[in-house]
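Working notes, structure below.
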Amino acid sequence: PLRAVYFIWRKPYMTVNKDTFIHDMMQRAGFENCFSNSKARYPKVTEAMLKAADPEVIFLSSEPYPFKEKHFEEIRLVCPKARMFLVNGEMFSWYGSRLIQSPAYFQKLIKKLGE
């Protein structure tokens, strides 16, 4: 699995640990959550922590914080080798009827990683 970080918030940067639905979706899609063992369910991540995690992939969610491509550059300064993607937060964090759409969404995302 590729080491990944899924950001849900900016200022401060926040991600998820293993006690979240998002983590479960990441794992099912074949990603290793770099912050899965954090004590906080939604850990605040410093630049030093992100650099030490050395993710291969960074996901910037559409919600609750609406990340945009303009945020790539500030993260790229810390993790220049990581591939970054804007992702649909609903596919990662909304359970229920949206789960029907998730497999196709994740297959497209994984295909992009292979390009």
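Below are the figures for this structure:
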| read-out | value |
| --- | --- |
| The chain: calculated mean residue ellipticity at 222 nm from DSSP helix runs of at least 4, using -39500 (n - 2.57) | -8500 deg cm²/dmol |
| Heavy atoms of C34 accessible to a 1.4 Å probe, total area in Å² rounded to 10 | 40 |
| For K44, solvent-accessible area (1.4 Å; no DNA, RNA or ligand), Å² | 130 |
| Dimensions (Å) - segment 1-64, Cα atoms, principal axes, largest first | 28, 24, 23 |
| For M49, solvent-accessible area (1.4 Å; no DNA, RNA or ligand), Å² | 80 |
| Dipole of segment 27-115, positive direction: furthest Cα of P55, F92, V78, with charges on the beta-carbon | F92 |
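The values are calculated or read from the model by the stated rules, or taken from the named source; none is laboratory data. Here the structure is a predicted model, which means the values were calculated and not measured. Note that we place each Cβ from the backbone using ideal geometry, even for glycine, and neighbour counts take in every protein chain shown. Note: accessible area is taken over every heavy atom of the protein model, side chains too, but ligands, DNA and RNA are not part of it. Shrake-Rupley method; radii C 1.70, N 1.55, O 1.52, S 1.80 Å.
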